[in-house]
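First up is the structure itself, then whatever we jot down about it.
Since every read-out is calculated from the coordinates, none of them should be taken as a lab result. All values derive from a computational prediction rather than experimental measurement. Here the Cβ is made from the backbone with ideal geometry for all residues, glycine too, and neighbour counts use every protein chain on show.
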Amino acid sequence: MEKDITKHKLRKIIDKLSRYRGRNTELVSLYIPAGYPLPKVTQQLRDEAGTASNIKSKTTRKNVLSALEKIMQHLKLYKQTPENGLIIFCGNISQQEGNPDYELFSLEPPEPMSIRLYRCDQEFVLEPLREMIEEKDIYGLLILERNEATIGLLRGKKIEMLDHMTSGVPGKARAGGQSSVRFSRLRDIADHEFRVRVG
């Protein structure tokens with residue numbers, strides 16, 4: 001298990017995992033998002049094991065069932081999903097038929113993950129991991145209206161809200177009369193002060 005993973009270590013892990021190829025569709029990739037209940041994941045894996053028991057090829061069936069069992073055993077080590085989620089890769093990485101080598105790779109991503117994925121394929125699904133190490137452009141966002149403003153950052157595809165402010169600027173006066181010009185001027189002053197406060 002890898003904790004507090006840096007982007008450099010993540011690149012090395014991705015490089016290592018990308019070299020593995022299954023003889024058939026027998027390498028299991030499992031992405032569990034932050035906060036997702038582990039009993040649901042275990043139940044899904046049990047259902048997948050039931051489906052995998054119908055695989056015609058005896059060796060592929062054995063490899064998939066062994067990988068799923070190993071993952072379910074590994075999930076018992078956790079009381080709940082880690083804060084950023086959990087990623088597990090498991091399967092027979094041996095290239096020699098009849099000489100199985102079941103490996104399980106488990107890591108907690110460096111940032112919160114929202115993707116939930118289960119896939120059994122000839123290679124591990126690494127695209128979501130690659131997206132985590134991509135250099136992301138960061139843009140500042142400012143949404144400004146007369147009565148409120150929100151400041152945030154756009155990092156890649158994620159929006160992070162930094163601050164939300166309300167202005168306290170009163171709405172327009174409904175009735176006319178002698179005071180409407182004075183209220184309008186006070187509203188304009190409050191609006192200007194709010195814009196200065198926002199920056």
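For a Förster distance of 22 Å, can you work out the FRET efficiency between the beta-carbons of residue 77 and residue 101, rounded to the nearest 0.05?
Numbers: r = 22 Å, r/R0 = 0.98.
Working from the Cβ atoms, E equals 0.55.
Residue separation times 0.36 nm, minus the C-alpha to C-alpha distance between residue 46 and residue 121: what's the value?
Taking 0.36 nm per residue and subtracting the Cα distance, the gain is 25.2 nm.
The chain: longest stretch without exposed GluC sites (Glu not before Pro) (DSSP loop, at most 13 other Cβ within 10 Å), sites themselves excluded?
Between the exposed loop sites, the longest stretch runs 1-82.
Per DSSP helix of 4 or more residues, -39500 (n - 2.57); summed, then divided by the residues of the chain. What does that give at 222 nm, rounded to the nearest 500?
-11500 deg cm²/dmol
Of all DSSP beta bridges in the chain, what percent run antiparallel (nearest 5)?
Roughly 95 percent of the DSSP beta bridges within the chain come out antiparallel.
Can you work out the FRET efficiency for the pair residue 59 and residue 130, with r the C-beta to C-beta distance and R0 = 30 Å, to the nearest 0.05? It would help to have the intermediate numbers written out before the result.
Working: r = 30 Å, r/R0 = 1.00.
The computed FRET efficiency comes out at 0.50.
Could you put 78, 31, 20, 139 in order, starting from the residue whose Cβ has the fewest other Cβ atoms within 10 Å?
Least to most surrounded, the residues fall as 139, 78, 20, 31.
Shape of region 7-133 from its Cα gyration tensor (a ≥ b ≥ c, root eigenvalues): rounded if a/c is under 1.5, otherwise prolate when a/b > b/c, or oblate?
Verdict is oblate for region 7-133.
For 194, 124, 183, what ranking results if the residue with the fewest other Cβ atoms within 10 Å of its Cβ goes first?
Starting with the residue having the fewest Cβ neighbours, the order is 183, 194, 124.
Could you tell me which residue out of 164, 66, 189 lies farthest along the dipole of the chain toward its positive end? Charges go on the beta carbon: Lys and Arg +1, Asp and Glu -1, centred on the Cα centre.
In the chain, that residue is 189.
Relative to the longest principal Cα axis of the chain, at what angle does helix 7-18 sit, 0 to 90 degrees, rounded to 10?
Between helix and principal axis, roughly 40 degrees.
Counting other Cβ atoms within 10 Å of each Cβ, which trypsin sites (Lys or Arg not before Pro) in region 1-101 have at most 10 and sit in a DSSP loop?
Filter output for region 1-101: 3, 19, 56, 76, 79.
In degrees from 0 to 90, rounded to the nearest 10, what is the angle of the helix 180-198 Cα long axis to the longest principal axis of the chain?
40
Taking the Cα atoms only, what angle lies between the long axis of helix 58-75 and the longest principal axis of the chain, rounded to 10 degrees?
Roughly 50 degrees, rounded to the nearest 10.
Which of 151, 189, 88 has the fewest other C-beta atoms within 10 Å, and how do the rest follow up to the most?
Result, fewest neighbours first: 189, 151, 88.
Go ahead and run the numbers for FRET between residue 181 and residue 145, Cβ-Cβ distance against an R0 of 25 Å, rounding to 0.05.
0.60
Using only the C-alpha atoms of region 138-198, find the volume of their convex hull and express it per residue in Å³.
74
Give me the number: length gained by fully extending residue 172 to residue 6, i.e. 0.36 nm times residue separation minus the C-alpha to C-alpha distance, one decimal in nm.
54.4 nm
Output ³J(HN,Hα) for region 120-128: one whole-Hz value per residue in order, computed from phi by the Karplus curve 6.51 cos²θ - 1.76 cosθ + 1.60 with θ = phi - 60°, and x for Gly and Pro.
3J(HN,Hα) across region 120-128, in whole Hz: 10, 8, 7, 9, 6, 7, 10, 4, x.
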